[in-house]
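What follows draws every value from the coordinates through simple rules; no lab data is involved. All figures in this text were calculated on a predicted structure; none of them were measured in a lab. A quick note on method: Cβ atoms are made from the backbone with ideal geometry, for glycine too, and the neighbour counts reach across all protein chains shown.
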Amino acid sequence: MKSIRWFVAGFVVMMLFGWVIFPAILYTHEEQPLQFSHKVHSGETVGLPCQDCHRLSADGRFEGVPAIAKCAECHAEAIGSTADERLLVEEYVKKGREIPWLVYARGPQNASFPHASHLIGAGLACERCHGSQGTAESLPAFRRNRISGESQAIWGTSIAGFKMAEWDGMKMDDCARCHRERGVANTCLKCHK
Amino acid sequence: MFPWVYGFTWSTGNLIFLGIFFTVVIVIGLTLGLSVLRSLRSAQSNEIAHIRWKSEFHDLPAAARTCRHIFAGDTRERTCAHDFDCGTCTAHRHIEELRRSGRIVLHRPAGSGGFSVSSERLYHRGHTWLRREPDGTVVVGLDDLASRLVTDRSTLGLPPVHAAVFRNAPLVTIRRASAGTRILAPIDGEIVEVGGEGCEWLVRLRPRSLGTDAFAHLLRPAEAAGWLQYEFERLQRSLASGGVGVTMADGGLPMQELASAVPVDAWDRALGEVFLEP
Amino acid sequence: MVIDLDRCTGCGACVIACAVENNVPPAHEGTTPRTGLTWMRVVRVDDGRSFPDTRSVFVPLMCQQCDHHTPCVSVCPQNAVEYDEETGIVTQVPVRCLGCRYCMTACPYHARYFNWWDPEWPAGMEQTLNPDVSTRMRGVAEKCNFCHGRLQAARAKAAAGSRPLAPDDYQPACVEACPTEAIVFGDLNDPRSTVSAAASSPDTFRLLEHLGTGPKVRYRSRSAAVRESLTRNSVSSEKEQVHG
Amino acid sequence: MDSSLIPRGLQRTSFPRFLAWVLPWVALLGVGLFAVYLCLAYGLNQTNMDNRFAFGAWIYLDLTVIALGAGAFFTGFLLYILRRKELAAVINSAVVIGFICYSGAVAVLMVDVGQPLRAWFTFWHPNVHSMLTEVTFCITCYLTVLAIEYVPLILKNRKLRKNASMLLFEFQLHKLMVVFAGIGTFLSFFHQGSLGGLYGVLVGRPFAFRPAFGIWPSTFFLFILSAAAAGPSFILLTSWLVSKIARKPLVAPDVYRTLGRISGSILLVYVLLKAVDTLVWINRTAPGLGFQASSFYRYGDFGSWILFAEIVLLGLLPALMLLSSRVAQHTGWLVTAAAMACSGIVLNRFVMTIQTLALPTLPFDAFLSYVPSWQEVATFLAVIAYGVLVYSFSFRYLNLFPQERELRSA
């Protein structure tokens, strides 16, 4: 009986370590240089379409994060009175500096994801992978894997792979599953480079 | 490797290959688990003494496993395969029957070879003897060969009163050898008295059973005489090749103080040979 | 791909273009011709005669992109080498590779290379790296994949324009760089393509045809002597001089 | 000093002398480990391997020691499955040798691959059509089995057995040893074969390529047979060597004879099949790939003498010697024959690994030569030092030869 109790205790400790403590240690917790509300920009207040900032260029490359010039189009002078607004205008727009965004979706160097093939070729909606990001009020913290240096968004928050939604953690398995379902080739160099 | 790993396909090659692999892994795991389980179970069921003897018996050199019927002259060549448990040996039963019916006669006189053998004692292979007392207890002592090796009683670690002892399991420890040598108990029982200095026996036991089976494995005096002689030769042989001399080329009598003739560095070996420590 | 040996001058432009395109690092100190990374190299084959009479041919050599029964794909223990059914390109996935080098011993064309050193670029040179091709680390094998990064970029471009991939969208760097247009590249399955026409010419041949590996790289030469010297039993001549 | 660890009744040299024997090997192991460190820290540029000679001395070493280590599985098979009781005299030693050979080979492989940390990828994404996958899976499993077989030997150590739980585990494990012997035989069968298949499937290397029976090339079966033949010979050789070094008889002469007979009969079958295979290769396989078999023997020192040496001199001859009852009467001759048989297998592995890669394939290829760097040689020697050390300690503290006690007093 005693040995079983020890076993259970050890089991619980190990499970806690593996599922809670280790992931907490493994990922950093970094705030974006300034807060940005997708809701304000895309919602009723301003009503910009996604494509206004996140554009596909003619050669098929995707301009993921707009340059500061794009922001300056509207924010040449402070529009509101929040601290972030002041920061944006004083520190970046006026000085012409790019905002050092921490890009959630920046993948490992050996993977390539052509937005063109997915948006136009396959006709997928942005929400399919990015979820409600486009209407979110604030930017979540950026979490970087301390070992690989990659964003946690590449791995997803659920270690076990239980997904709450389609966009919850886009692992390679998720890419592969969609390719399989749609009859798209699944060879390594389809996505890797 | 697993169906949920990226790139896995249910191809025939995968199924056969991985099927065999997992079968092998499972068989290895199960066998290992089974042996762990079995050893846990035998640890709980107090079989340790029994298993220890069994395991050590098989490590004994063939010469130390000579069948008792060779000493009586019933047979010429035979190595014991039953852990000296004559009660379970069919050959033993068969020979006993033949002897009882008079079809086998002793054709070798039971010479004592200079060792004294008492007719009222039964002998155990671990060089202890046992005498049944009228009150139902037995007393256990060292036989003539052993007592010439172990002359100093103070080196013996005797068990406490009421301790349970098991046949072929350690009864007494000798502290003289570097690694400690154990003298094995002849039968199952419980210690009722420990002999003092100058006593001819070491301990008094209350046997667990008084049936014939409990004593069947012990050598009778007629066998013990030849056996002791044989054991002495075995001891000499084992010591001789190491360049140690307890030689008796002329077949003379063993010296009384055998212990003093064995050099210190060969003690361990000598005790191991005599007390069946592999 | 069809390579016209009569046009090849051995200038090596293709070799340089290939290295630049595919982020092949500069040779590490201590590199020998046998340990370098050259997805593509030009081999000079002499006919063995002494100076004024000697005749040489330059053979650009890279992965021959064998057909289905490639020697390398089936030997890789962990599926790091793949045959792409869609394009017929034999691909190598460096991140999956453990560096056992079994594929390299399997390749009769010696077209596979091992990263004996960690790749290093002189300071500032890393700015010139091609973002469409990942760099490889020490201890893995690599080889020509017909500039797969270009194929991916071409596909994205075609998708952005909502049109299928056109033959002109995608040409490997060596083809582009060749000043004498010795290399023709295209879809061998398309009977109307230039490459199909070149491949069906009677003076084309493949290296080590007898092995049955079915390379998709063809060579052509109008000289029967050249054809003979590159297709005969490889071990029949010892006098041949080789300059890698 | 350490006499309480030495099995009772066995005579071992004094501790200082043992130390004097061990220390040079420890030094050699140290040098080798430094070379291993260099290879792991700076990469394989520390070796003299290159893109053409992608497999070098290490692969050769691996194939060789694994062939010689086959004695463990084959002795186990004969003892536990076919019940050849007399082989109990060498089974412990065979298990230790098997363990040394396999663990040494795996250790070298871990240095040999470019990215050792990715070695587990083979398990995660196995390509079941690759011979190397089969080798990896089987050797890993078999090394586990060998380690399990080694455990009872260790637990039987005089000090450890005093602990009741160790003794019980040893006892119960030993009772199930037949299962491990069976699995070991099964696994060995496949990976010895796959090591042969490794080269036999290389259609790009006409010198090594052999047509397949079913899914395996003929070298698959030849390697199994040759390993089974070399194994007992190597056990014979090592037992004799150890007994010479320790200067005491360890096994009875009839055990040598049994080993010799077993080795000889399998070697004979192997040599005959190898001869048939070679003839088929010369007349059918090689011409079919556009090569003349004789042309392979025109390079450097690799003349056709190598074929003669492999099949006749170090194949047929030792086979007949091992089977001859007159040779069997003299341990010296028996050992010579066993050494020749082992050399034949060593030569065969050399031809398959090194010669295959040295020979050109393309019409304009040159014949290559390759000299291993000191790092490669030191790693190679470290494996040998490791083996000697493991064996020396096992021999000193464990009862490797059950007959030793009896032979001593006889």
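Of note:
- Reported value for the protein assembly as shown: 232 Å³ per residue, from the convex hull of its C-alpha atoms.
- At R0 = 35 Å, FRET efficiency that the Cβ-Cβ distance of residue D:164 and residue B:94 yields, to 0.05: 0.45
- Packing, as the average of other Cβ atoms within 10 Å across residues, places the peptides A:69-78, C:130-139, C:184-193 in the order C:130-139, C:184-193, A:69-78, highest first.
- Between the helical axis of A:172-181 and the longest alpha-carbon principal axis of chain A there is an angle of about 80 degrees.
- The Cα center of the range D:62-89 and the Cα center of the range C:99-120 differ in position by 37 Å.
- Put a dot 7 Å past the Cα of residue A:138, heading toward its Cβ, do the same for residue C:165, and the two dots end up 4.6 nm apart.
- Spatially, the range B:20-97 and the range B:117-153 are offset by 26 Å when compared through their Cα centroids.
- Judged by the gyration tensor of its Cα atoms, with axes a ≥ b ≥ c, the range C:58-180 is oblate; a/c meets the 1.5 cut and b/c is at least as large as a/b.
- FRET efficiency, residue B:23 to residue B:200 (Cβ-Cβ, R0 56 Å, nearest 0.05): 0.35
- Average beta carbon contacts from partner chains per residue of D:286-293, 10 Å cutoff: 4
- Mean-position separation - Cα centroids, the range A:62-129 and the range D:335-355, in angstrom: 67 Å
- Mean per-residue shielding of peptide D:106-115 is 4, counting Cβ atoms of other chains within 10 Å of each Cβ.
- From its DSSP helices (H runs of at least four residues, each -39,500 (n - 2.57)), chain B gives a residue-normalised ellipticity at 222 nm of -11000 deg cm²/dmol.
- Approximate spin-label separation residue A:82-residue D:350, in nm, with each point projected 7 Å along Cα-to-Cβ: 7.8 nm
- Where labels lie 7 Å past Cα in the beta-carbon direction, separation of residue B:119 and residue A:105 in nm: 10.7 nm
- Above-threshold pairs, the threshold being 24 Å between Cα atoms, out of A:2/D:156; D:85/D:175; A:39/C:157: A:2/D:156; A:39/C:157
- Relative exposure of B:53, B:227, judged by other C-beta atoms within 10 Å (fewest first): B:53, B:227
- Within straight-line reach of residue A:70, meaning a Cα separation under 17 Å, sit the following lysines at least 8 residues removed in sequence or on another chain: A:94, A:95.
- Paired Rg and Dmax values of the range C:2-236, which use every Cα atom, in angstrom: 18.0, 59
- When +1 charges are put on Lys and Arg Cβ atoms and -1 charges on Asp and Glu Cβ atoms, the dipole computed for the range A:1-84 relative to its Cα centre reaches about 760 debye.
- Cα-based helix-to-principal-axis angle, D:88-112 vs chain D, degrees rounded to 10: 50 degrees
- Taking each DSSP H run with n ≥ 4 as -39500 (n - 2.57) and averaging over every residue of chain A yields -8000 deg cm²/dmol at 222 nm.
- Taking amide H as placed 1.01 Å from N in the peptide plane, the amide H of residue B:73 sits under 5 Å from none that are at least 5 places away or on another chain.
- Close amide H partners of residue C:42, meaning residues 5 or more places away or on another chain with modelled amide H under 5 Å apart, are C:61.
- Cα gyration tensor, the range D:275-410 - rounded (a/c under 1.5), prolate or oblate: oblate
- Here the range B:1-45 has an Rg and Dmax of 16.3, 50 Å, counting Cα atoms alone.
- Rounded to whole numbers, the Karplus 3J(HN,Hα) couplings from phi for the range C:24-34 are 7, x, x, 4, 6, 4, x, 5, 10, x, 8 Hz, using 6.51 cos²θ - 1.76 cosθ + 1.60 with θ = phi - 60°, and x at Gly and Pro.
- Cα shape, chain A, gyration tensor, a/c 1.5 rule: oblate
- Chain D: relative contact order in percent, alpha carbon pairs under 8 Å with at least 6 residues between: 29 percent
- Cut-off 10 Å between beta-carbons: net charge of the residues surrounding residue C:216, Lys and Arg +1, Asp and Glu -1: +1
- A simple rule links phi to the HN-Hα coupling: the Karplus curve 6.51 cos²θ - 1.76 cosθ + 1.60 with θ = phi - 60°, which for the range D:223-233 gives 5, 4, 5, 5, 5, 5, 6, 6, x, x, 4 Hz, with x for Gly and Pro.
- Per-residue average of Cβ from other chains inside 10 Å of B:33-42: 5
- Amide H partners (placed H, <5 Å) of residue C:47, local residues excluded: C:55
- For the range D:176-183, the Karplus equation 6.51 cos²θ - 1.76 cosθ + 1.60, evaluated at θ = phi - 60°, returns couplings of 9, 4, 4, 5, 5, 4, x, 4 Hz by residue, with Gly and Pro reported as x.
- Under the span-like rule (Cα at least 18 Å along the axis, Kyte-Doolittle mean at least 1.0), DSSP H helices of chain B: B:12-44
- log10 of Debye I(q)/I(0), alpha-carbon scatterers only, for the range D:15-409 at 0.09, 0.13 Å⁻¹: -0.55, -1.16
- The range B:53-225: proportion of alpha-carbon pairs further apart than 29 angstrom, %: 20 percent
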